[in-house]
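Notes for the one structure printed next.
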Amino acid sequence: RFSEFKESVLDTAQTMLEEFLELRLTQESIEGCTNTWIMKPGAKSRGRGVIPQNNLDDIIKLADSSKEEKWVVQKYIEHPLLVHNTKFDIRQWFMVTDWNPLTLYFYQDSYLRFGSRPFTLDDFDPSIHLCNNSIQKKFLTGKGMNETSFAKGNMWTSAAFKKHLSKHGNLKKWDEIIYPGMKKAIQRVMMTIQDIIEDRKNSFELYGADFMVDSNYTPWLIEINCSQPWAELRRLQKDYVLRCLTIASKLSLIREIINLHLLESGR
């Protein structure tokens with residue numbers, strides 16, 4: 001009887017999983033066999049205190065270690081897309097000039113940040129898993145001993161990444177999956193919060209969204225950052241952000257001219 005019951009449960013579970021897959025209700029593309037999660041202190045930034053974990057007891061113990069600390073727990077992407085066997089994330093900047101109506105400008109370029117050691121889930125060292133520049137700079141010694149051989153400063157522009165994809169016959173993955181997927185994720189997140197954000201006219205906010213890409217080239221939004229500390233930016237980032245700010249200033253000026261014209265015309 002137990003064997004019949006066990007078989008029935010397995011059949012039911014199999015049917016449910018197949019239905020979930022058909023309805024795309026699972027995150028099967030990021031799952032693996034290690035059940036790894038990533039824990040982030042809710043009040044910290046720049047990778048501080050971020051810890052990968054794959055043991056439930058350790059997760060609970062860490063979460064309960066401080067009653068004042070709030071933690072964010074996310075499923076770790078166990079099958080990330082790798083470049084030369086190295087993990088990376090994508091920083092994509094965008095600008096909000098109005099919350100009602102929601103007005104977004106999505107910068108066409110972005111940049112990649114790499115880890116400094118080959119990817120593995122057998123070792124949770126931050127040099128492997130945390131791509132934040134504030135973390136990786138600790139592993140970039142004066143002689144660049146831990147710098148990836150293919151990326152100076154462990155960074156690439158999106159143009160360099162697209163060149164890499166093209167070399168392997170995958171440029172369409174950027175145009176058809178990665179880039180539009182990042183835009184859709186940002187649009188949906190901003191739509192969910194637009195009613196709770198104070199709408200300040202005649203201003204704009206520049207945000208940096210961090211994405212990871214799984215082995216199926218699907219982008220996953222990890223977090224959205226504001227108030228980027230300029231002291232932490234490297235030259236590639238500063239040039240990039242300066243271009244963003246130049247465009248943002250021009251757009252804001254154009255909007256003000258249009259609003260002034262409408263006001264003067266009584267419209």
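The values are calculated or read from the model by the stated rules, or taken from the named source; none is laboratory data. Being a predicted model, the structure only gives us computed values, none of them experimental. Glycine gets a Cβ as well: all are built from the backbone with ideal geometry, and neighbour counts include every protein chain shown. To get the accessible areas, we keep the full protein, side chains included, count just its heavy atoms, and leave off ligands, DNA and RNA. Shrake-Rupley method; radii C 1.70, N 1.55, O 1.52, S 1.80 Å.
Overview of values
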| read-out | value |
| --- | --- |
| Cβ-Cβ FRET estimate between residue 82 and residue 109, R0 fixed at 25 Å, reported to 0.05 | 0.70 |
| Span from the region 38-111 Cα centroid across to the region 153-180 one, whole angstrom | 22 |
| In order through region 91-102: 3J(HN,Hα) via Karplus (6.51 cos²θ - 1.76 cosθ + 1.60), integer Hz, x for Gly, Pro | 9, 10, 8, 8, 10, 10, 9, 7, 9, 8, x, 5 |
| Label-point separation in nm, residue 16 to residue 189, each point 7 Å along Cα→Cβ | 3.0 |
| Estimated inter-spin distance, residue 58 and residue 134, nm [label 7 Å along Cα→Cβ] | 2.4 |
| Packing-based ranking, highest mean first, of 159-169, 212-222 given that Cβ atoms within 10 Å are counted | 212-222, 159-169 |
| Å² per residue, accessible surface of region 33-124 at 1.4 Å | 51 |
| Rounded to the nearest 10 Å², the accessible area of residue 103 at probe 1.4 Å | 40 |
| Accessible surface of region 69-184, 1.4 Å probe, proportion on carbon and sulfur as whole % | 50 |
| Virtual spin-label span in nm between residue 65 and residue 166, 7 Å along Cα→Cβ | 4.7 |
